[in-house]
1. Please note which strands (runs of 3 or more DSSP E) are completely contained in segment 13-78 and include at least 1 residues that are within 16 Å of ligand 2 (Cβ to nearest atom).
2. Pull out all pairs, ordered by first then second residue, where Cβ-Cβ is under 7 Å, the residues are six or more apart or on different chains, the first lies in segment 86-113 and is touching a residue at least 24 places away in the same chain (Cβ under 8 Å) and at positive phi, and the second is assigned to a helix (DSSP H, G or I) and surrounded by 13 or more Cβ atoms within 10 Å (Cβ to Cβ).
3. Give all pairs with beta carbons closer than 7 Å in which a residue from segment 51-71 that is touching a residue at least 40 places away in the same chain (Cβ under 8 Å) and within 18 Å of residue 162 (Cα to Cα) meets a residue that is in a strand (DSSP E or B) and within 16 Å of ligand 2 (Cβ to nearest atom); count only pairs at least 6 apart in sequence or on separate chains.
Ligand SMILES: Nc1ncnc2c1ncn2[C@@H]1O[C@H](COP(=O)(O)OP(=O)(O)OP(=O)(O)O)[C@@H](O)[C@H]1O
Ligand SMILES: [Mg+2]
């Protein structure tokens, strides 16, 4: 349903051209929770942002449901973007609006009439378990609650795809669990396809069915995590999987 074909993105910097993403190809199927993992600067966020063309690639094509987004005029692209929600590491909530009005925001932009907005907002807040916080302002919420407001806001546009950029990087491990559970639930219950950027293998292990490993702007390896025996070939994938295995053994030992 999402096809990235040979995506390239170069930034002009003071130090010369910087190849943030090079020849990256990826197919994300309907219902996938697809992880993009790699170290800082690998190009994960840039690649994620090319999916809804927040970042326009200089090379390659983006298709969603068979339609080439890279070929659409901006007007059409704006409409398609409504079907692609996005959440971020730092939540990006509007601090001068309460929870209800934050979730309402994308609907107001899309000029959805007020009467239609209310049931939509209420059901989105219910999905993330925050109905009782509708009137609260972001400053009064925990990190996990803020991220769930952001998820509700992303769901308001009735998306088929949800893009997540390090959604658990600024919360504690326990809160990470509640955010990942919310993502898994909307994937299962609403059939929303998720692409999630992370640098933590435990996030991938917790919810992803597939993962692509990025290094220096390239996708170096892809894995289907439902397969029994995963044999990483690249040094970076070996490192990421090995540390995870070591961590698992440590956990097992500590509970033995
Ligand atoms: N707008 C920009 N202008 C110039 N350089 C950029 C821009 N955006 C990203 N870069 C550079 O492109 C490279 C890839 O950045 P990107 O943010 O995609 O990496 P990342 O894997 O998401 O890293 P992190 O884990 O730190 O978020 C980095 O070297 C970054 O400095
Ligand atoms: Mg990033």
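No lab work stands behind these numbers, since they all come straight from the coordinates. Note that the structure is predicted; figures quoted are calculated from it, not measured. Virtual Cβ from ideal backbone geometry, glycine too; neighbours counted across all protein chains shown.
1. Correct list: 16-28, 33-37.
2. These pairs meet every condition: 91/146; 91/147; 91/150; 92/150.
3. 51/163; 51/195; 52/86; 52/163; 55/9
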